[in-house]
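Let me give you the structure first, and then I'll get to my questions.
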Amino acid sequence: MPEKKTIKLKQLGHATPIPLSPEKALIEKVPNPHPVHDYVVRFTCSEFTCVCPVTGQPDFAHIVIDYVPGKWLVESKSLKLYFQSFRNTGIFHEDCTVGIGIALIKAIAPKWLRICGYWYPRGGMPIDVFFQEGKLPKGVSVPDTGVSPYRGRG
């Protein structure tokens, strides 16, 4: 069995305050225990919040992140704290969704990443944002996100 590397994490196992902004948040990584195999990791945040940069009103989204790891995995507590750092951040849906994808690429360099932002309506119109980077490795299956398109009340 290969020797396990010891990683010093700053947040996992420690009391950690919510970062004041996404720029101040730290997305941590841990070694991929199976780097020779291609597989999909999925994170789902069904209660993501930020605020409209113009009105300051709350915005809500269901975020689904799928990625095929390379050498690194996202440490989940750090991702949760990163998501929470958006709660008082004024940001447009497109910038938020794509920005999260770019931050994850920078942090862990996945082989492939897709982020789907299903934003709840404001002003009667939902805005769904999809961002993908890299090429899905051959033979890797990615399940449907399971998020239904917005249909209103009817």
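Of the numbered conditions (1) free of Cβ contacts under 8 Å to residues at least 60 places away in the same chain; (2) surrounded by 14 or more Cβ atoms within 10 Å (Cβ to Cβ); (3) not small (G, A, S); (4) not in a strand (DSSP E or B), T145 satisfies every one except a single condition; which is it?
(1)
Can you find a residue in the stretch 96-103 that is at pLDDT 95 or above, of a type outside the set (K, R) and within 21 Å of L12 (Cα to Cα)?
So far as the stretch 96-103 goes, yes, one or more of its residues are at pLDDT 95 or above, of a type outside the set (K, R) and within 21 Å of L12 (Cα to Cα).
Within the stretch 49-60, is even one residue assigned to a loop (DSSP other than H, G, I, E, B), closer than 22 Å to T145 by Cα and either out of contact with any strand residue (DSSP E or B) (no Cβ under 8 Å at 6 or more places or on another chain) or of a type in the set (V, I, T) (or both)?
No, the conditions are met nowhere in the stretch 49-60.
Only one residue in G117, G101, G124, G90 is within 24 Å of E23 (Cβ to Cβ) and surrounded by fewer than 18 Cβ atoms within 10 Å (Cβ to Cβ), so which one is that?
Every option except G90 fails the conditions.
Within 22 Å of P19 (Cα to Cα), in contact with a strand residue (DSSP E or B) (Cβ under 7 Å, 6 or more places away or on another chain), without any contact (Cβ under 8 Å) to a residue 60 or more places away in the chain and buried (at least 18 other Cβ atoms within 10 Å of the Cβ): which single residue out of F131, F43, F83 fits that description?
When all the criteria are applied, what remains is F83.
I'd like to check something: does the stretch 106-128 contain any residue that is under 20 Å from K24 (Cα atoms), out of contact with any Lys or Arg (no Cβ under 9 Å at 6 or more places or on another chain) and at pLDDT 95 or above?
Yes: one or more hits.
Hey, another quick one. Just the residues that are among the small types (G, A, S) and within 26 Å of L136 (Cα to Cα), please, taken from the stretch 28-78.
S46, A61, G70, S76, S78
Moving to a separate point now. Pairs only if they're at least six apart or on different chains, beta carbon under 8 angstrom, first in the stretch 13-36 and over 16 Å from F86 (Cβ atoms), second surrounded by fewer than 10 Cβ atoms within 10 Å (Cβ to Cβ); list them, first residue then second.
Listed pairs, sorted by first residue: P31/K5.
Considering (1) buried (at least 18 other Cβ atoms within 10 Å of the Cβ); (2) free of Cβ contacts under 8 Å to residues at least 60 places away in the same chain; (3) closer than 23 Å to L9 by Cα, say which one S76 fails and leave the rest.
(1)
The values are calculated or read from the model by the stated rules, or taken from the named source; none is laboratory data. What you are looking at is a predicted structure, and each value in this text was computed from that prediction instead of being measured. Heads up, the Cβs are rebuilt from the backbone with ideal geometry, glycines too, and the neighbour counts pull from every protein chain shown.
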